[in-house]
Amino acid sequence: MLAIISTEMTNKSFDTDVVHAGEDRSQHYGSVSTPIYSSSVFAFSDADEGIAIHNFEKPGYFYGRLGNPTQDALERVIAELERAEDGLAFASGMAAISGAILTFAKQGDHIVAPESMYSTATNLFHYLSDFGVTASFVDATDAENYRRAAEPNTRIFWIETPSNPLVQITDIRAVANIARELGVLTVADNTFATPYNQRPLEMGVDITLHSATKYLGGHSDLTAGVLAGKKELVDQIRHGPSKLLGGNIAPQVAWLVLRGIKTLALRMERHNANAYAIAYMLTSHPKVGTVYYPGFESHSNHEVAKAQMKGFGGMIGIDLRTAAAAKEFVNRVKLCTFATSLGGVETIVQPSALMTHATISADEREAAGISEGLIRMSVGIESVNDLITDITQAVDQI
Ligand code: PLP
């Protein structure tokens, strides 16, 4: 539903916004916590009103797949945090990604996307070739590559920055400018950065989206997706794939995301600080190859990261050189969790080439720069000293 962003709200600090965004005390008997509306059916009070709500001529609720007040509250919150006119919530990040793509790319259309990005999104782009939507994959660290790969039928420039798992940085403003020149829509996956660190819509992107399973939820206890943008664009997704394919968020899950977001600023501040310290410590360890972290001056796009991010995020890529070393590392850590997600309060490690990115071909992994020994580390909010002790003992034993 449409977010009403008061000037008063947008002038407040983001740290205040995450606590109070979307608040409407005139609703829900003044509940401070948004109630969970688990009803899938909403009764109408009279014929004209019911027909108008059902036909989207009047705001309101009528059927679970098409929204409820808890989902609506989450959509207002993500719109406010991303400084958007409107937001939309889904059952997963992939449902949000599919919703955006299937709205704006039709048979015969073309997408330009990073060659190094979340592998299931890459695989979705491959899958869509069966339906006549093609994709070109480019080195997204140079914005001009988007222009070079554009064809007359290009509809979408896909951005994921920092990227999964190498935390590569794409210059959001530069890609958005090229897209505007060419009349192409831009979509930015903002999962790794979160609106605390980076707000792509303010840099000219049309749609920004998240796997809310990650930092927005923040506690590894839900699966969800959200997107935000201009009302006209979000409405097309809402009344298109969101309604037709039915990947809607459950109200209980929407409530959990709302609760997670209240502490987003606090958590991101700690994720940023812990990741910086751990990445820095690892750079001097003899058993570690390249450490990928956009906060370092040695990172190839550090200047771009500095210009578009408030902090550099909680994700680090660590090259341990061989698959055997990567396996040894995940077997040796004691405090860090060996698992496949990211963005939670706990530190999670995984050997990317052997797991999430095993689903793309070896050639694609090579082009993306994902080596066999790569560890993707999602740094949590534990004590940084405890984390450094654990990571050091694990690397020492490789
Ligand atoms: N985008 C990024 C950057 C991701 O890392 C992920 C999942 O890991 C997704 C999207 C997909 O989100 P979900 O797993 O919630 O469908």
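The values are calculated or read from the model by the stated rules, or taken from the named source; none is laboratory data. None of these values were measured; they are calculated from a predicted model. Backbone-built Cβ (ideal geometry, glycine too); neighbour counts: all protein chains shown. Areas reflect the complete protein model, heavy atoms only, side chains present, ligands, DNA and RNA absent. Shrake-Rupley method; radii C 1.70, N 1.55, O 1.52, S 1.80 Å.
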Taking Cα centroids, how far is segment 319-398 from segment 22-55 in Å? 45
Given 10 °C and 1.306 mPa s, how large is the Stokes-Einstein diffusion coefficient of segment 122-180 in µm²/s, with Rh as the Kirkwood radius over Cα pairs? 130
If each DSSP helix of 4+ residues adds -39,500 (n - 2.57) and the sum is divided by the residues in the chain, what number results at 222 nm, nearest 500 deg cm²/dmol? -11000 deg cm²/dmol
Under a 1.4 Å probe, what is the accessible area of segment 148-290 per residue, stated in Å²? 35
Binned Cα-Cα distance frequencies in segment 197-269 - 5 Å width, integer %: 4, 14, 21, 23, 21, 13, 4, 0
Accessible area (Å², per residue) of segment 16-116, counting only protein heavy atoms and a probe of 1.4 Å: 44
Give me the compactness ratio for segment 164-219, meaning the Cα radius of gyration over 2.2 N^0.38 Å. 1.18
Gap separating the Cα centres of segment 250-287 and segment 126-145, nearest whole Å: 30
Whole-Hz Karplus ³J(HN,Hα) for segment 243-259, in order, using 6.51 cos²θ - 1.76 cosθ + 1.60 and θ = phi - 60°, x for Gly and Pro? 6, 7, 9, x, x, 7, 7, 6, x, 5, 6, 4, 5, 5, 5, 4, 5
Extension gain E181-F296, at 0.36 nm per residue separation less the Cα-Cα distance, in nm? 38.2 nm
Starting from the Kirkwood radius over alpha-carbon pairs of segment 34-119, derive D by Stokes-Einstein at 4 °C in a medium of 1.567 mPa s and give it in µm² s⁻¹. 83
Arrange the peptides 67-75, 317-325 so that the one whose residues have, on average, the most other Cβ atoms within 10 Å appears first. 67-75, 317-325
With segment 94-205 reduced to its Cα atoms and the Debye formula applied, log10 I(q)/I(0) at q = 0.20 1/Å amounts to -1.05
Let me know the volume per residue of the alpha-carbon convex hull for segment 288-376, in Å³. 109
Counting only protein heavy atoms, what percent of the accessible surface of segment 217-344 is carbon or sulfur at a 1.4 Å probe? 55
Just need log10 I(q)/I(0) for segment 216-361 at q = 0.12, 0.18 Å⁻¹, Debye formula, equal scatterers on the alpha-carbon atoms, no solvent, rounded to two decimals. -0.69, -1.23
Assigned charges on the beta-carbon of Lys, Arg, Asp, Glu; segment 51-174 dipole about Cα centre (debye): 260
For segment 161-212 the mean separation of alpha carbon contacts under 8 Å (6+ apart) over residue count, i.e. relative contact order in percent, is 37
Sulfur and carbon atoms: percent of accessible area, segment 94-199 [1.4 Å]: 49
Hey, any idea what Rg/Rh is for the chain, computing Rh the Kirkwood way over Cα pairs? 0.98
Highest first, please rank the peptides 133-143, 38-48, 100-110 by the mean number of other Cβ atoms sitting within 10 Å of their residues. 133-143, 100-110, 38-48
